[in-house]
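Read the structure below first, then the notes.
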């Protein structure tokens, strides 16, 4: 990309965009705004931006006292808690790099991430010590562990085999409340997140201070967050900066809620905190929103979430899910698209006012499940196999390429990944999609997941969402399985709602699909299962599904 130098400006262009500027501003301008965090025992801890900022400065001093230096990588194993929020600013504020560690990875993969990053220290919640115990013997460079102990518990009472341990709370209590945040070169790494794809080793994406600062501005604008909002951190904070909303919400002074630890099979606590704390902004994947909706369906009194905006990412939200939240609670599901490599915001979906009067209600719902329009600051294009841009007609598919100030330009220390980046600075997403005449992006599949049958393409994503629109279906996955005649044929795995297993047949699913798909596109087999394999970040694990059923059509 050629850069043209024009007439010199008189701006303070050397003033660096640092993430610590965000919390300094929040403490100065919104100092009395409340932050709420749920502890493991269900009690609620509350304090303010000003108090959080002081603890962050104490944390920075404490980390310096145990030897953490500028440029060091420090791993974090923690829940969505106020302590983790403090780490988000206090740790990178020292000039070190916050290494986000996925709690759902195997010890072997976690150890690879820790060693590959060169991390020398880990901050770990006491309840997650079993993970640290499993990982520590596999790592070469770990020298220290900072333990976030349970409230009121002393470090001496913690059962651990780890050596050179420190108490998170003691570091804060014993450190000075003043810390001068260094003016970091804005291109320095703020945090690192490793991809958790289903092929190969995890790859490191290192976010710069500039990257995260600009991304926070974009999230704030596109999610329309303000001081009058209450934001709840549902996305795991180890996953792509928790999708960046906690920094954006801090930037605009919103009230913050951290739900602590929650599980998909026990959602009453999460639902209660959303209602009790009057949450009206959050984000999550369909993997959490769909079980949450099922929980709400079973409540005698449905929660009133009118006006709430719930950003949905990771995979396309089924229309049935969006309608369900709207009809039962009044909450709006807003689709957004991104990836670990994009920090992650790339697109967001709102219905343009000039389209609203032209569309029927059904057409509006169909539009809302698209990935949406590209946010300001990014470039996006869809290309064919020859890297030629395809028409924006909403029909011609190709691979989605993205570039911009918060898009990764390379993977850290990852030889032979250069092919994922173009000479003019685009990252190859691996997603297949179209862009329509209004600029709305629609992902039809992953490059590796497109079903190629008899020379024609079948979108597994569209088929999955159509199956989920069937009232008896809770969840679905569609993959292409090798076929001796047609190259590949679709296989559908379907999870039914309680009480539907004896009533619904494979033909019921096919007949439902036949309303929108050609007969030749319908899955040869529909298997009813109790659960569908997922990746560590809650996406459908299609690699595992294909491997498990690879010989189904060869018999």
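The values are calculated or read from the model by the stated rules, or taken from the named source; none is laboratory data. Computed from a prediction, not measured in an experiment: that's the story for all the values here. All Cβ positions, even for glycine, are placed from backbone atoms using ideal geometry, and neighbour counts span all protein chains on display.
The residue that is farthest from residue 545 (Cα to Cα), counting only those in the stretch 148-176 that are in a loop (DSSP other than H, G, I, E, B), in contact (Cβ under 8 Å) with a residue 40 or more places away in the chain and touching a helix residue (DSSP H, G or I) at 6+ places or on another chain (Cβ under 8 Å), is 176. Based on what the data block shows, is residue 471 surrounded by 23 or more Cβ atoms within 10 Å (Cβ to Cβ) and in a loop (DSSP other than H, G, I, E, B)? Taking the combined requirement at face value, the residue does not satisfy it. The residue that is surrounded by the most Cβ atoms within 10 Å (Cβ to Cβ), among those in the stretch 412-433 that are assigned to a loop (DSSP other than H, G, I, E, B) and touching a strand residue (DSSP E or B) at 6+ places or on another chain (Cβ under 6 Å), is 426.
Residues satisfying the criterion are absent from the stretch 121-137 (criterion: more than 30 Å from residue 15 (Cβ to Cβ), out of contact with any helix residue (DSSP H, G or I) (no Cβ under 6 Å at 6 or more places or on another chain) and in a loop (DSSP other than H, G, I, E, B)).
In the stretch 60-78, how many residues are farther than 26 Å from residue 268 by Cα and either under 26 Å from the mean Cα position of the chain (by Cα) or not assigned by TED's automatic domain parsing to the domain that holds residue 111 (or both)?
First pass over the stretch 60-78, keeping only residues farther than 26 Å from residue 268 by Cα: 60-76.
The next check asks that each one be either under 26 Å from the mean Cα position of the chain (by Cα) or not assigned by TED's automatic domain parsing to the domain that holds residue 111 (or both); those that pass are 71-76.
Of the residues in the stretch 60-78, 6 are farther than 26 Å from residue 268 by Cα and either under 26 Å from the mean Cα position of the chain (by Cα) or not assigned by TED's automatic domain parsing to the domain that holds residue 111 (or both).
The set of residues from the stretch 391-411 being in a loop (DSSP other than H, G, I, E, B), in contact with a strand residue (DSSP E or B) (Cβ under 8 Å, 6 or more places away or on another chain) and either crowded, with 21+ Cβ neighbours inside 10 Å or touching a residue at least 12 places away in the same chain (Cβ under 8 Å) (or both) comprises 392, 393, 394, 395, 396, 397, 404, 406, 407, 408, 409, 411. Total residues in the stretch 522-531 satisfying the condition of being crowded, with 18+ Cβ neighbours inside 10 Å and in contact with a strand residue (DSSP E or B) (Cβ under 6 Å, 6 or more places away or on another chain): the figure is 2.
Quick one: would you say residue 91 is over 25 Å from residue 16 (Cα atoms), at pLDDT 95 or above and crowded, with 20+ Cβ neighbours inside 10 Å? Spelling it out, it is not the case that residue 91 is over 25 Å from residue 16 (Cα atoms), at pLDDT 95 or above and crowded, with 20+ Cβ neighbours inside 10 Å. Quick one: would you say residue 269 is over 17 Å from residue 407 (Cβ atoms), outside any strand (DSSP E or B) and touching a helix residue (DSSP H, G or I) at 6+ places or on another chain (Cβ under 6 Å)? Considered against the rule, which asks whether it is over 17 Å from residue 407 (Cβ atoms), outside any strand (DSSP E or B) and touching a helix residue (DSSP H, G or I) at 6+ places or on another chain (Cβ under 6 Å), residue 269 comes out as no. Considering the stretch 33-77, and only residues there that are free of Cβ contacts under 8 Å to residues at least 24 places away in the same chain and assigned to a helix (DSSP H, G or I), the residue that is farthest from residue 169 (Cα to Cα) turns out to be 50.
Being over 26 Å from residue 21 (Cα atoms), touching a strand residue (DSSP E or B) at 6+ places or on another chain (Cβ under 9 Å) and without any contact (Cβ under 8 Å) to a residue 40 or more places away in the chain is the filter here; which residues of the stretch 94-121 pass it? Hits for the stretch 94-121 are 110, 114. For the stretch 272-291, give me each residue that is in a helix (DSSP H, G or I) and under 22 Å from residue 85 (Cα atoms). Those that are in a helix (DSSP H, G or I) and under 22 Å from residue 85 (Cα atoms): 272, 273, 274, 275, 276, 288. Among residues of the stretch 308-342 being in a loop (DSSP other than H, G, I, E, B) and modelled with pLDDT under 95, the one that is farthest from residue 369 (Cα to Cα) is 339.
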